[in-house]
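Below is one structure, written out as structure tokens; the observations come after it.
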Amino acid sequence: MKVTVVGAGAVGASCAEYIAMKNFASEVVLLDIKEGYAEGKAMDLMQTASLNKFDTKISGSTNDYSKTAGSDIAVITSGIPRKPGMTREELIGINAGIVKTVATSLLEHSPNVTIIVVSNPMDTMTYLVHKATGLPKNRIIGMGGALDSARFKYRLAQALEAPISDVDGMVIGGHSDKGMVPLIGHATRNSVKVSEFLSEDKMNWVVEETKVGGATLTGLLGTSAWYAPGAAVSGLVQAIACDQKKMFPCSALLEGEYDLNDICIGVPVILGKNGIEKIVEIELSDAEKAKMQESAEGVKKTNGLLEV
Ligand code: NAI
């Protein structure tokens, strides 16, 4: 199993590290445009192998896509992250050009690759990869909901004063502060709805803190986060590589599901060896349906800025 990670920055290196630590891939190639950067990150990570006891071979490349040839899975993290006060949508101008070039270069050397898009604005970048490559829709997956759901569970556990392993919940919709739809009505603590334990105010607090989860970290760090994004990406990669048939909310191309068409947006999907093996349509309340439609309008507005 060969995995390429394009962009050896904060998120790319973190996800390469988690993939290696989980020891399921034979090879990870890190690729970056910055001279020597991916090679350096790869060497540093390889020097953790004997300490962390993994056998995955990590190598680096400065923009030489021949090194990525025959990749089964590729992760696109190349591009700029947001700074405090910025929205993810503001990154489109620079990142669209980068993501388009990277996706087509990857395909030239790995015709059977499944692509996971991380660069922001992620839903629009995922849509762009569809338009630019024409790959079947099961092989293009946007990572956002897995991270947002992890942040949702973190806040749920805080509000409930419960261990994280006791809580479950999911965030669908667009991967943006305004577009996220944390499904608080479906969230559970040991299979019991959280509304049994939390006041309306507390539930609103969980939802609002989840939606600004990325912005909160950007404010603290001066740039966007990397540990949880890297861990979320590695979970998606592992589900595909190990054919786990696991369910994650991911940005997928919709053709009528959730009454949406010609858009990539976060919905629950089953990930296995064929990438997106199924889009799961869960029952939403009228209020959740309305939020999903509103979120989709926001994503479509950003898609309208693309030149494809
Ligand atoms: P970073 O700045 O640490 O790393 C980005 C890397 O991409 C840099 O090393 C840069 O040299 C490289 N790069 C730029 N152009 C390239 C090209 N044409 N080819 C190859 N490499 C190129 O940024 P970070 O923090 O790793 O974030 C990366 C992207 O991921 C950003 O767009 C950020 O907004 C996004 N992100 C998305 C998340 C999600 O949930 N979807 C979560 C966190 C970040």
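The values are calculated or read from the model by the stated rules, or taken from the named source; none is laboratory data. Note that the structure is a prediction, hence the values are computed from the model and not measured. Please note: Cβ atoms are built from the backbone with ideal geometry, for glycine as well, and neighbour counts cover all protein chains shown. We work out accessible area using only protein heavy atoms, side chains counted, and drop any ligands, DNA or RNA first. Shrake-Rupley method; radii C 1.70, N 1.55, O 1.52, S 1.80 Å.
Quick look at the values:
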| read-out | value |
| --- | --- |
| Radius of gyration and Dmax over the Cα atoms of region 164-289, both given in Å | 15.5, 42 |
| Amide N proximity, region 167-191 versus GLU208 label position 7 Å along Cα-to-Cβ, cut-off under 19 Å | 176-185 |
| Gain in span if fully extended, GLN158 to ASN274, counting 0.36 nm per residue against the direct Cα distance | 38.1 nm |
| Top positive-direction residue, dipole computed over the chain with Cβ charges, set GLY144, GLY9, THR210 | GLY9 |
| Calculated FRET value between ILE33 and LEU220, using beta carbons and R₀ = 30 Å, to 0.05 | 0.60 |
| Region 78-215, dipole about Cα centre (Lys/Arg Cβ +1, Asp/Glu Cβ -1), debye to the nearest 20 | 420 debye |
| Lys, Arg +1 and Asp, Glu -1 on Cβ, resulting dipole of the chain about Cα centre, debye, nearest 20 | 500 debye |
| The chain: radius of gyration over Cα atoms, expressed as a fraction of 2.2 N^0.38 Å | 0.95 |
| Options VAL167, GLY222, GLY70, ranked by Cα towards positive dipole end of the chain, top entry (Cβ charges) | GLY70 |
| Relative contact order (%) - region 64-211, alpha-carbon pairs under 8 angstrom, separation at least six | 19 percent |
| The chain - percent relative contact order, Cα under 8 Å, separation 6 or more | 18 percent |
| Compactness relative to 2.2 N^0.38 Å, alpha carbon Rg of region 1-97 | 1.11 |
| For the chain, calculated [θ]222 nm from helices alone, where every DSSP H run of n ≥ 4 adds -39500 (n - 2.57) | -13000 deg cm²/dmol |
| DSSP-loop GluC sites (Glu not before Pro) across region 16-61, with at most 11 other Cβ within 10 angstrom | GLU35 |
| Accessible area of the chain belonging to carbon and sulfur atoms, whole % at 1.4 Å probe | 52 percent |
| Spin-label model distance (nm) - ASP166 vs ASP64, 7 Å beyond Cα toward Cβ | 5.4 nm |
| Equivalent ellipsoid dimensions for region 144-235 as semi-axes, Å, which come from the Cα gyration tensor, largest first | 21, 14, 12 |
| Pairs of Lys in region 134-225 closer than 27 Å at Cα, counting only those 8 or more apart or on different chains | 11 |
